[in-house]
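The values are calculated or read from the model by the stated rules, or taken from the named source; none is laboratory data. Fair warning: this is a prediction, and the values are worked out from it, not measured in the lab. Every residue, glycine among them, receives a Cβ derived from its backbone with ideal geometry; neighbour counts consider all protein chains shown.
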Amino acid sequence: AQTVTQSQPEMSVQEAETVTLSCTYDTSESNYYLFWYKQPPSRQMILVIRQEAYKQQNATENRFSVNFQKAAKSFSLKISDSQLGDTAMYFCAFMKLRPGGYNKLIFGAGTRLAVHP
Amino acid sequence: EPEVTQTPSHQVTQMGQEVILRCVPISNHLYFYWYRQILGQKVEFLVSFYNNEISEKSEIFDDQFSVERPDGSNFTLKIRSTKLEDSAMYFCASSASPSDEETQYFGPGTRLLVL
């Protein structure tokens, strides 16, 4: 069974600084996706970024980028130029790909990020 | 931008009562999911639904739970006889637009409180 581990329950960062959130996962699969979702105080789950395992290039979305180390099964999220609106719970999630498209997400326990002015 | 919607946003019910949580997935999506998040815990998969049938369910999704797509737009989760431990945030998600097959988009959630 796949597992996702986020070893940092809480992190804090000053506005405009850079912060990295860690995620490791355990799988024997070779074909999968990884995601970071953000959950602000409103508790809505918002997609931040995704990475296909077959791609060597790290995904980037504006101020958000990942460091995907497939051999190490590591998938960290870097937030550059942190903003107050980045304050949220961040969940790392794993998806095993299967034919048919109905693939469940397996979530980590989350990292609570606080951005301070 | 299209989004997943859920109603109600909050529901309070008595133990043993039936509740129905409603979701309207993104219109051209084909796969639908329910997840739940007990306060302070991780998000857990409940069930996936495709082509009008359940494609996978977790061990949480026992006989007290059911899902339905009663028309072309709604996707519902029914809990027949609620228990205290069903208190949680319930998220609906959908995926598989033609250009973005694997990403699941979540609704804002329904906060269920069972007393």
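Residue-by-condition table, conditions (1) under 26 Å from A:Gln2 (Cα atoms); (2) modelled with pLDDT of 95 or more; (3) within 10 Å of the chain's Cα centre (by Cα); (4) more than 8 Å from chain A (Cβ to nearest Cβ):
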site: B:Ile38; (1), (2), (3), (4): yes, no, no, yes
site: B:Pro70; (1), (2), (3), (4): no, no, no, yes
site: B:Thr76; (1), (2), (3), (4): no, yes, yes, yes
site: B:Glu101; (1), (2), (3), (4): yes, no, no, no
site: B:Tyr105; (1), (2), (3), (4): yes, no, no, no
Residue count for region A:71-92, restricted to those that are in contact with a Ser or Thr (Cβ under 9 Å, 6 or more places away or on another chain) and assigned to a loop (DSSP other than H, G, I, E, B):
5
Would you confirm, using the coordinates I've provided, whether B:Ala88 is within 13 Å of another protein chain (Cβ to nearest Cβ) and in contact with a His (Cβ under 8 Å, 6 or more places away or on another chain)?
no
Go through region B:12-32 and give me each residue that's out of contact with any Leu (no Cβ under 6 Å at 6 or more places or on another chain), closer than 13 Å to B:Phe65 by Cα and assigned to a strand (DSSP E or B).
B:Val19, B:Ile20
The number of residues in region A:3-20 that are within 13 Å of A:Ala93 (Cβ to Cβ) and either assigned to a strand (DSSP E or B) or not polar (S, T, N, Q) (or both) is 3
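For (1) away from chain B (no Cβ under 11 Å); (2) not β-branched (Val, Ile, Thr), each residue gets a yes or a no:
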{"position": "A:Ala1", "(1), (2)": "yes, yes"}
{"position": "A:Val13", "(1), (2)": "yes, no"}
{"position": "A:Asp26", "(1), (2)": "yes, yes"}
{"position": "A:Trp36", "(1), (2)": "yes, yes"}
{"position": "A:Ile49", "(1), (2)": "no, no"}
{"position": "A:Glu52", "(1), (2)": "no, yes"}
{"position": "A:Asn58", "(1), (2)": "yes, yes"}
{"position": "A:Phe64", "(1), (2)": "yes, yes"}
{"position": "A:Ala72", "(1), (2)": "yes, yes"}
Is it true that some residue in region A:41-49 is surrounded by 14 or more Cβ atoms within 10 Å (Cβ to Cβ), assigned to a loop (DSSP other than H, G, I, E, B), touching a strand residue (DSSP E or B) at 6+ places or on another chain (Cβ under 6 Å) and in contact (Cβ under 8 Å) with a residue 40 or more places away in the chain?
yes
Taking region B:46-63 on its own, how many of its residues are assigned to a loop (DSSP other than H, G, I, E, B), surrounded by 14 or more Cβ atoms within 10 Å (Cβ to Cβ) and either within 9 Å of chain A (Cβ to nearest Cβ) or not hydrophobic (A, V, I, L, M, F, W, C) (or both)?
1
